[in-house]
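Participant: This is the structure I want to talk about, given as structure tokens.
None of the figures in this text is laboratory data; all of them are computed from the coordinates on show. This structure is a prediction, so every number in the text was calculated from the model and none was measured. We place every Cβ from the backbone using ideal geometry, glycine too, and count neighbours over all the protein chains shown.
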Amino acid sequence: MELYTPVLALASLAALFAVGSVAMSSLIGPKRYNRARLDSYECGIEPTPQPIGGGRFPVKYYTVAMTFIIFDVEIMFLVPWAVYFDQLHWFGLIAVVIFLFNITIAYAYEWRRGGLDWD
């Protein structure tokens, strides 16, 4: 347990600093509220009113987000496989072929739905 004492001390010091910084900024920070400060920030543009029930995001937003997630998962799986390719032998090759087959099905589905068409 004494090996973890410096780690616990550093963690508690970091937590104390984080909590103390937030507390001190709320206590001694300036409190000048006005309409512009309380309004939502839209990169300097006046925010447009939202319809009742909130605005709708286009489906294109979600398909692009899912494409990036698929790319990220693919890279996270393929990089370690490429590093240990010679040690994995046939098991690693079959696992990657199955994985790439599944990813190809996802890409084909998105392509057929028009998610890769950039209008």
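Participant: May I ask you to sort Phe71, Phe77 by Cβ crowding, counting other Cβ atoms within 10 Å and putting the fewest first?
Facilitator: On the way: Phe71 12, Phe77 15.
Ordered from fewest to most neighbouring Cβ atoms within 10 Å, Phe71, Phe77 come out as Phe71, Phe77.
Participant: Another question, if that's okay. Between Ile94 and Lys60, 0.36 nm times their residue separation minus their Cα-Cα distance comes to what? It would help to have the intermediate numbers written out before the result.
Facilitator: Working: separation 34, 0.36 × 34 = 12.24 nm, distance 3.35 nm.
Length gained between Ile94 and Lys60: 8.9 nm.
Participant: With label points built 7 Å along Cα→Cβ from the Cα atoms of Ser21 and Thr104, find their separation and express it in nm.
Facilitator: That separation, rounded to one decimal, is 5.0 nm.
Participant: Within the set of other residues whose C-beta is less than 14 Å from the C-beta of Phe68, count the net charge using Lys and Arg as +1 and Asp and Glu as -1. Could you put the intermediate results ahead of the total?
Facilitator: Values: positive: Lys60; negative: Asp72, Glu74, Glu110.
Counting the neighbours of Phe68, the net charge comes to -2.
Participant: Within the stretch 89-106, what residues put their amide N at less than 18 Å from the label point 7 Å along the Cα-to-Cβ vector of Thr67?
Facilitator: The answer is 103-106.
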